[in-house]
1. So, of the residues in segment 1-49 that are without any contact (Cβ under 8 Å) to a residue 24 or more places away in the chain and not in a helix (DSSP H, G or I), which turns out to be nearest to Phe63 (Cα to Cα)?
2. Just the residues that are over 19 Å from the mean Cα position of the chain (by Cα) and within 29 Å of Arg89 (Cβ to Cβ), please, taken from segment 105-138.
3. Could you check how many residues of segment 27-55 are over 17 Å from the mean Cα position of the chain (by Cα) and either outside the structural domain of Glu69 (by TED's automatic domain parsing) or among the aromatic types (Phe, Trp, Tyr) (or both)?
4. Got at least one residue in segment 76-96 being surrounded by 10 or more Cβ atoms within 10 Å (Cβ to Cβ), touching a residue at least 24 places away in the same chain (Cβ under 8 Å), assigned by TED's automatic domain parsing to the domain that holds Arg11 and not acidic (Asp, Glu)?
Amino acid sequence: MEDFKKKVEKRALISSILCSSSLAVYFALRFLTKNASDFGQGLAMGVWIGMEFVAVVNTVRLFATLKSEKALKELYIKENDERNKAIERETSQKSIIISSVGIAAGAIVSGFFDVKVCAVLCAVLAFIALVITCMRAYYNKTM
């Protein structure tokens with residue numbers, strides 16, 4: 001259990017560093033792109049606020065877990081339960097397939113209306129394919 005506690009401590013530290021550094025990155029980007037449209041800046045701010053909220057909640061949850069042995073044990077069981085792992089694996093596999101098909105359909109349809117949108121969606125598909133390929137290569141070597 002001590003190894004798991006160190007793992008959670010490391011996760012909490014990384015999460016808190018990311019929370020604090022993302023604010024600096026956001027304002028640096030805002031400063032560097034003064035001429036960006038209000039819509040683009042507003043959209044970026046909304047995405048950032050959403051991501052920051054999730055990160056802060058996660059950080060608080062991790063630090064609270066570290067203070068209670070009972071909560072730490074519950075998290076350990078939750079993360080190491082075979083049923084939860086199998087559900088997560090199946091969910092991930094199906095989600096990426098459905099998302100990729102949806103993005104591909106969006107790219108096809110958007111190609112008739114706006115080439116830029118089509119190109120962005122194709123770039124997203126290429127990125128997803130690259131991530132899948134890299135992850136598959138990594139896990140083929142490590143497992």
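1. Only one residue fits best here, namely Thr33.
2. Scanning segment 105-138 gives Ala105, Gly106, Ala107, Cys122, Ala137.
3. 3
4. The answer is yes, given that some residue of segment 76-96 is surrounded by 10 or more Cβ atoms within 10 Å (Cβ to Cβ), touching a residue at least 24 places away in the same chain (Cβ under 8 Å), assigned by TED's automatic domain parsing to the domain that holds Arg11 and not acidic (Asp, Glu).
The values are calculated or read from the model by the stated rules, or taken from the named source; none is laboratory data. Keep in mind that what you see is a predicted model, and the values were worked out from it rather than measured. Note: ideal-geometry Cβ built from the backbone for every residue, glycine included; neighbour counts use all protein chains shown.
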